[in-house]
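**Student:** Take this structure, written in structure tokens, and hold onto it; I'll ask about it next.
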Amino acid sequence: MRHKLLIILGPTAVGKTDYSIREALKYGSPVISCDSRQIYREMTIGTAVPTPDQLGAVRHYFIHSHSVSTLYSAGRYETEALPLVESLFSQGHDTLVMAGGSGFYIDAFCRGLDDFPQADMELRESLNVRLREEGVESLRFELKRLDPKSYATIDIANGQRVLRALEVCLSTGRPFSSFKTSPDRKRSFDIEKIGLVRPREELYARIDRRVLEMIDAGLVDEVRSLEQYRHLPALQTVGYKEIFQYLDGEISLDRAIGLIQRNTRHYAKRQLSYWGRDKDIRWMEVTG
């Protein structure tokens, strides 16, 4: 009988952490996180890292495992997570549990990525400056001109996705989409995906409440402590960029909170849209 990896996915704030811990306890498995921001040890409150009690219930991997100053990507996640999973199976686990909301990381792990060129850090920094100063619309317009196929298929509301695709176009002279030609890589184990969903109003209420809890837990101080890293891609994300605007005196704290809530709701919608194309996901509605 082949080993099985159970992947718990779904939009932010849907309840993946609690559900994955229950499944992990049932199978005697650790939880392998697949979240593109919870890996950073300097980011805790704004990334909704599991609580100490949750982390103590079962062993977790890829939580606070890397420094935010380290360049990390979906491709690197694949190269680190795949050997870990294979090693855990070899130690006697029949079923392992993975959980996260980062669709690109999950796809990289399940299907593999083409061998994209190494990042051009000087070009990336210049594009990050443009992203901050001009907004994602400027980068989207250039990507549409250079690579209309990628423009039509990637999440163009995600500034970092647009930036990376444009970076590859500019640094190689080839469309980003031209690298996506390899067939899916075969895995030595079966993969089952369970997607968690909630009624929309309930999910949005949970998101709004979580943002307020983050503020009460000290999100402003956490963001202030990360000032030296604010130029990095990991900090150009929801929950951090809005608080930096507040700290810069551009908006009030109430306005920042409202923007985080709104932008997180939009992010949840994009997550569901991204996974809507994956016919292998078995969707399960949860409530309460």
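**Student:** Which residue is farthest from SER273 (Cα to Cα), if the candidates are limited to region 130-180 and must be basic (Lys, Arg), without any contact (Cβ under 8 Å) to a residue 12 or more places away in the chain and touching a helix residue (DSSP H, G or I) at 6+ places or on another chain (Cβ under 7 Å)?
**Tutor:** Out of the qualifying residues, it is ARG130.
**Student:** Taking LEU127 as the residue in question, decide whether it is assigned by TED's automatic domain parsing to the domain that holds GLU42 and either free of Cβ contacts under 8 Å to residues at least 24 places away in the same chain or of a type in the set (A, V, I, L, M) (or both).
**Tutor:** Criteria not met by LEU127.
**Student:** Additional query: Quick check on my filter: what residues within region 13-30 are out of contact with any Leu (no Cβ under 9 Å at 6 or more places or on another chain) and touching a residue at least 60 places away in the same chain (Cβ under 8 Å)?
**Tutor:** Once the filter is applied, which keeps residues that are out of contact with any Leu (no Cβ under 9 Å at 6 or more places or on another chain) and touching a residue at least 60 places away in the same chain (Cβ under 8 Å), region 13-30 yields THR17, GLY28.
**Student:** Now, a different point. One residue is enough: does region 42-53 have a residue meeting the conditions within 25 Å of ASP280 (Cα to Cα) and either in contact with a His (Cβ under 6 Å, 6 or more places away or on another chain) or without any contact (Cβ under 8 Å) to a residue 60 or more places away in the chain (or both)?
**Tutor:** no
**Student:** Scan region 178-198 for residues that are among the polar types (S, T, N, Q) and either more than 30 Å from GLU137 (Cβ to Cβ) or surrounded by 19 or more Cβ atoms within 10 Å (Cβ to Cβ) (or both) and report the count.
**Tutor:** Residues meeting the conditions: 2.
**Student:** Which residues, counting only those in region 248-268, are within 11 Å of TYR204 (Cβ to Cβ) and touching a helix residue (DSSP H, G or I) at 6+ places or on another chain (Cβ under 9 Å)?
**Tutor:** GLN261, THR264, ARG265, ALA268
**Student:** Which of the residues that make up region 230-264 are hydroxyl-bearing (Ser, Thr, Tyr) and crowded, with 18+ Cβ neighbours inside 10 Å?
**Tutor:** THR237, TYR240, TYR246, THR264
**Student:** Here's something else I'd like to know. Of all residues in region 114-129, how many are modelled with pLDDT of 80 or more and within 21 Å of ARG174 (Cβ to Cβ)?
**Tutor:** Within region 114-129, residues that are modelled with pLDDT of 80 or more and within 21 Å of ARG174 (Cβ to Cβ) number 4.
**Student:** Working only within region 6-29, note down all residues that are within 20 Å of the chain's Cα centre (by Cα), closer than 24 Å to PHE89 by Cβ and either charged (D, E, K, R) or surrounded by 19 or more Cβ atoms within 10 Å (Cβ to Cβ) (or both).
**Tutor:** LEU6, ILE7, ILE8, LEU9, LYS16, THR17, SER20, ILE21 - these are the residues of region 6-29 that are within 20 Å of the chain's Cα centre (by Cα), closer than 24 Å to PHE89 by Cβ and either charged (D, E, K, R) or surrounded by 19 or more Cβ atoms within 10 Å (Cβ to Cβ) (or both).
**Student:** If you go through region 199-229 one residue at a time, how many are more than 30 Å from GLU122 (Cβ to Cβ), surrounded by fewer than 19 Cβ atoms within 10 Å (Cβ to Cβ) and not β-branched (Val, Ile, Thr)?
**Tutor:** The qualifying residues number 16.
**Student:** Exactly one condition in (1) in contact with a Ser or Thr (Cβ under 8 Å, 6 or more places away or on another chain); (2) modelled with pLDDT under 95 is false for HIS231; which is it?
**Tutor:** Against the list (1) in contact with a Ser or Thr (Cβ under 8 Å, 6 or more places away or on another chain); (2) modelled with pLDDT under 95, HIS231 comes up short only on (1).
**Student:** So, in region 130-157, of the ones that are touching a Lys or Arg at 6+ places or on another chain (Cβ under 7 Å) and not small (Gly, Ala, Ser), which residue ends up modelled with the lowest pLDDT?
**Tutor:** Only one residue fits best here, namely ASP155.
**Student:** Step by step: first the residues of region 126-170, then only those that are more than 20 Å from the chain's Cα centre (by Cα) and hydroxyl-bearing (Ser, Thr, Tyr), then the one that is surrounded by the most Cβ atoms within 10 Å (Cβ to Cβ). Which residue is that?
**Tutor:** Among those residues, the one meeting the criterion is SER138.
**Student:** Something else about it: Kindly provide the set of residues from region 30-49 that are under 20 Å from LEU88 (Cβ atoms) and crowded, with 21+ Cβ neighbours inside 10 Å, ordered by number.
**Tutor:** The answer is VAL31, ILE32, SER33, CYS34, ASP35, GLN38, ILE39.
**Student:** Show the residue pairs meeting these rules: Cβ distance below 7 Å; 6+ apart or different chains; first residue within region 68-81 and closer than 13 Å to ALA234 by Cβ; second residue modelled with pLDDT of 90 or more.
**Tutor:** VAL68/TYR40; VAL68/GLU42; VAL68/MET43; VAL68/TYR229; SER69/TYR229; TYR72/ILE39; TYR72/HIS66
**Student:** If ARG282 satisfies all but one of (1) touching a residue at least 12 places away in the same chain (Cβ under 8 Å); (2) crowded, with 18+ Cβ neighbours inside 10 Å, what's the number of the condition it fails?
**Tutor:** ARG282 satisfies every listed condition except (2).
**Student:** For region 139-237, which fully contained helices (runs of 4 or more DSSP H) count at least 3 residues that are touching a Phe, Trp or Tyr at 6+ places or on another chain (Cβ under 8 Å)?
**Tutor:** Filter on region 139-237 gives 159-172.
The values are calculated or read from the model by the stated rules, or taken from the named source; none is laboratory data. Predicted, not measured: the structure shown is a model, and the values here were computed from it. Using ideal geometry, Cβ is built from the backbone for each residue, glycine included, and neighbour counts are taken over all protein chains shown.
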